[in-house]
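The values are calculated or read from the model by the stated rules, or taken from the named source; none is laboratory data. Nothing here was measured: the structure is a model prediction, and the numbers come from that model. Here Cβ is always computed from backbone atoms with ideal geometry, including for glycine, and neighbour counts include all displayed protein chains.
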Amino acid sequence: MVMTVVNKVALVIAIIGALNWGSIGLFGFDLVAWISGGAASIMARIIYTLVGLAGIWCIALLFDKDESMVGHKA
């Protein structure tokens, strides 16, 4: 149960990070930097670090043998 919550939180953070990168790629607009006062600010660096850690966590989800993430039991 706890791991499921951690997995979902990591996935949400990774999705938010992906959407931010999408906005950078499509529009040249960095939402995290805009909200936090610049890409070099401490808050932006914390957010970027959390997104990176969430991405690393989600790599482990790719190799998870728990089929509940798929939505059905085989």
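Points worth noting:
- Matching residues, the stretch 42-74, being modelled with pLDDT under 75 and outside any helix (DSSP H, G or I): Asp66, Val70, Gly71, His72, Lys73, Ala74
- When restricted to residues that are over 9 Å from the mean Cα position of the chain (by Cα), surrounded by fewer than 16 Cβ atoms within 10 Å (Cβ to Cβ) and not charged (D, E, K, R), the stretch 32-55 contains 11.
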